[in-house]
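Scroll down for the structure; my scribbles are underneath it.
The values are calculated or read from the model by the stated rules, or taken from the named source; none is laboratory data. Please read these numbers as outputs of a predicted model, since none were measured by experiment. FYI the Cβ positions are ideal-geometry reconstructions off the backbone, even for glycines, and counts take in every protein chain you see.
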Amino acid sequence: MNTAHRVVVTGMGALSPLGRGVDALWSGLLAGRSGIRRLEGLDLTGQEVDFGGQVPNFDPSDILEAKQIKRLDRFSHLAIAASVEALISAGLPARLSDELALGTATIIGSGLGGATTLFEQALNYGEKGAGRVSPFLIPGAIGNMAAGEVAIHVNAQGPSFGPVSACATAGHAIGEAYETIRRGDAERALAGGAEAALHPVVIAGFNNMRALSRSGSSAAGGDPAAASRPFDSARDGFVMSEGAGILLLERLDLALARGATPLAEIVGYGASADAQHITLPAPGGYGAVRAARRALEKAGRAGSEIDHVNAHATSTPEGDKAELDAIRTILTGAADAASAASADRAQLRASITATKGNIGHTLGAAGALGAAATICAMRDSRVHATLNLSAPDPLVGALDIVTGAPRDQEVALALVNAFGFGGQNAALLLAKWTGR
């Protein structure tokens, strides 16, 4: 059997509003915990939104020196911590050498990069003048620095770059890493996304474009933990969060040769553009359908074979609606959403869950955290429930969204969706590792 161009996941790292580490993410999802709360450490005077998802008690001093912490933006701190976890969980050293170093790519993106560094230094310029702007502004703020700083930290000397496609970023990063390994330009890759843009200016910007939920705000007397409501009729926008998700991808033959146990295999990746609107998805989720069908085509599989979907499901009215149409179309193999509308429950057997009910929307990291949750579901034969889904949108119909409690289920083939402003779509198709 030729395994040279098969790609498996052998390690994972995560930081999310549920805590540091993949175990914290997965145990929190299974327990139905929310990581959304009142934001701390930010001056949100006059803001309508005062809640979101912060990584709790994160101290990067166990992996970074004080001077590194000072010069790097928080999104790079998160990316490095998640990458180190991914390497160690894969049975590799936290700092690579020799052939391991030469063959390892770092393909890690961010939707907004070092936004906090940028806005802080802009304020510094306005108040104190040009001479007081930090020399670390540019390397701290530019979006490729998560990939670059991870490469420096772990000594990865293969291809290194940072995709930027808003909330589809991590999906594209993992997909492009998969293709980079498949074509022989790297032997393994740290791939995913990191985001730490919880800054008053960014929150105001998203809120003023009516993208954020306001239902959990102090002014509304709401509960932050109940604000992110994927697919629920009462959803009113996404909840902004920070976090990082990194997967360690490897060429299968090399992973097996060093004695690694694959966690899952990536069997397909697809990408598309809606070419429709800067924020609204294409009608019927047609762009998402095309991305998923391209992933299925590469894998030689059909939509009817999918056991589970980790939905993008940000809790926005139009985004969730379009994704429900897209999922129904993908699973049934119908020509479009209208043709898929009459599908019966037997045709829609795949379970669906939305991780963002628990952790909010981590923007450029979202696709990687969704992929990590999906791989955990495959490993444990258990799917976590969608939090805060009490009154499903009527468009859900016969689609099988897991609610209430985790469900025991074998997941052999799973789809992970990731979509971004600008109409950018990424689809990852993951297969359970069976040892062959």
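Observations on the structure shown:
- For the stretch 362-376, the count of residues that are surrounded by fewer than 17 Cβ atoms within 10 Å (Cβ to Cβ) and either under 21 Å from S233 (Cα atoms) or not assigned by TED's automatic domain parsing to the domain that holds L212 (or both) is zero.
- Across the stretch 142-182, the qualifying residues are those that are surrounded by 21 or more Cβ atoms within 10 Å (Cβ to Cβ), among the β-branched types (V, I, T) and more than 20 Å from the chain's Cα centre (by Cα), and the one among them that is nearest to A426 (Cα to Cα) is I181.
- Residue within the stretch 8-22 that is free of Cβ contacts under 8 Å to residues at least 60 places away in the same chain and surrounded by 15 or more Cβ atoms within 10 Å (Cβ to Cβ) present: yes
- Residue ID - surrounded by the fewest Cβ atoms within 10 Å (Cβ to Cβ), chosen from residues in the stretch 223-238 that are more than 14 Å from H312 (Cβ to Cβ) and touching a strand residue (DSSP E or B) at 6+ places or on another chain (Cβ under 8 Å): S233
- Note on the stretch 187-197: residues that are crowded, with 24+ Cβ neighbours inside 10 Å and not in a strand (DSSP E or B) total 2.
- For the stretch 221-254, the set of residues classified as modelled with pLDDT of 95 or more, in a loop (DSSP other than H, G, I, E, B) and at positive phi consists of F231, G237, listed by residue number.
- Applying the set (1) more than 20 Å from the chain's Cα centre (by Cα); (2) in a helix (DSSP H, G or I); (3) under 16 Å from R229 (Cβ atoms) to S390 leaves exactly one unmet item: (2).
- Among the residues of the stretch 320-375, those that are of a type in the set (K, R) and assigned to a helix (DSSP H, G or I) comprise K321, R328, R345, K356.
- Restricting the stretch 264-287 to residues that are β-branched (V, I, T) and at pLDDT 95 or above leaves a set whose member that is surrounded by the most Cβ atoms within 10 Å (Cβ to Cβ) is I266.
- Filter result for A414 (out of contact with any Gly (no Cβ under 9 Å at 6 or more places or on another chain), in contact (Cβ under 8 Å) with a residue 60 or more places away in the chain, in a strand (DSSP E or B) and surrounded by 24 or more Cβ atoms within 10 Å (Cβ to Cβ)): yes
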